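Take a look at the structure set out below.
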Amino acid sequence: MFIRYLALLALLAAAQPSTAESYQSPDEFLQEVFATTPPSPQVLWLKGDIKDTAAAILGHPYPGLRIRYWTSTGRTAWILEEIGKEKPITVGMVVGPAGMERLRVLEFRESRGWEVRYPFFTDQFDGIGLTADRQLDRHIDGISGATLSVRALQKLARLALYLDQQVQAANDPTP
């Protein structure tokens, strides 16, 4: 009887649906963004003010010492993760001179809130920028039942826009 019970538990565990949904790989995202072979990744070290501001934007310290990004012709691409309710959401973002050019959910692991992956939501970020106090410069409509996922994407958009400012400032030849 005990063996049958264990077999039933194993069967039920194997039958649990996976909540992770991978919509696009980071490599596919980068190839789509740059329309050719993506440039070599660059690294932005999180130290001093950059580290402190990233933590303020996210509401917690960033879980790494550096962030990889890709840049070409004044545009930067970022692949970042933030926790929705309990699990990370992987997002690809492109920032250009006029603000956010693209925001795409690459992988969603939560059981709720997956609606944030659809264009009706992500298109709201097109052209968005940051205010002086590092808030998004326009309102993003939420999704009922996906509040934490919406907040996670807003934080990531703010972070990508801020990090892009830091990269552009470091590459600006004018004093």
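The values are calculated or read from the model by the stated rules, or taken from the named source; none is laboratory data. What you see is a predicted model; the values in this text were computed from it and never measured. Positions of Cβ are backbone-derived with ideal geometry, glycine not excepted, and every protein chain shown enters the neighbour counts. Accessible surface is based on the protein model in full, side chains and every heavy atom, while ligands, DNA and RNA are left aside. Shrake-Rupley method; radii C 1.70, N 1.55, O 1.52, S 1.80 Å.
Give me a count of the residues in the range 118-175 that are part of a helix (DSSP H, G or I) and among the charged types (D, E, K, R).
5
Where residues in the range 85-103 are small (G, A, S) and surrounded by fewer than 21 Cβ atoms within 10 Å (Cβ to Cβ), which of them is farthest from Q24 (Cα to Cα)?
Result: A98.
Quick check on the range 32-66: of everything there that is among the polar types (S, T, N, Q) and at pLDDT below 95, which residue is most open to solvent (accessible area, probe 1.4 Å)?
Ranking the candidates gives T37 first.
Can you tell me which condition Y62 does not meet? The list is (1) out of contact with any strand residue (DSSP E or B) (no Cβ under 8 Å at 6 or more places or on another chain); (2) in a strand (DSSP E or B), and all the others hold.
(2)
Against the definition (out of contact with any Leu (no Cβ under 6 Å at 6 or more places or on another chain), small (G, A, S) and within 24 Å of A20 (Cβ to Cβ)), how does A146 come out, yes or no?
yes
Give me the residue from the range 117-148 that is of a type in the set (G, A, S) and closer than 23 Å to T53 by Cβ and, out of that set, surrounded by the most Cβ atoms within 10 Å (Cβ to Cβ).
Taking the candidates together, the pick is G129.
If A170 satisfies all but one of (1) open to solvent by 30 Å² or more (accessible area, probe 1.4 Å); (2) among the small types (G, A, S); (3) in contact (Cβ under 8 Å) with a residue 40 or more places away in the chain, what's the number of the condition it fails?
For A170, the failing item is (3).
Scan the range 105-116 for residues that are closer than 18 Å to L80 by Cα and open to solvent by 80 Å² or more (accessible area, probe 1.4 Å) and report the count.
1
Specify the residue that is farthest from K155 (Cα to Cα); the eligible residues are those in the range 24-58 that are in a helix (DSSP H, G or I) and among the polar types (S, T, N, Q).
Taking the candidates together, the pick is Q31.
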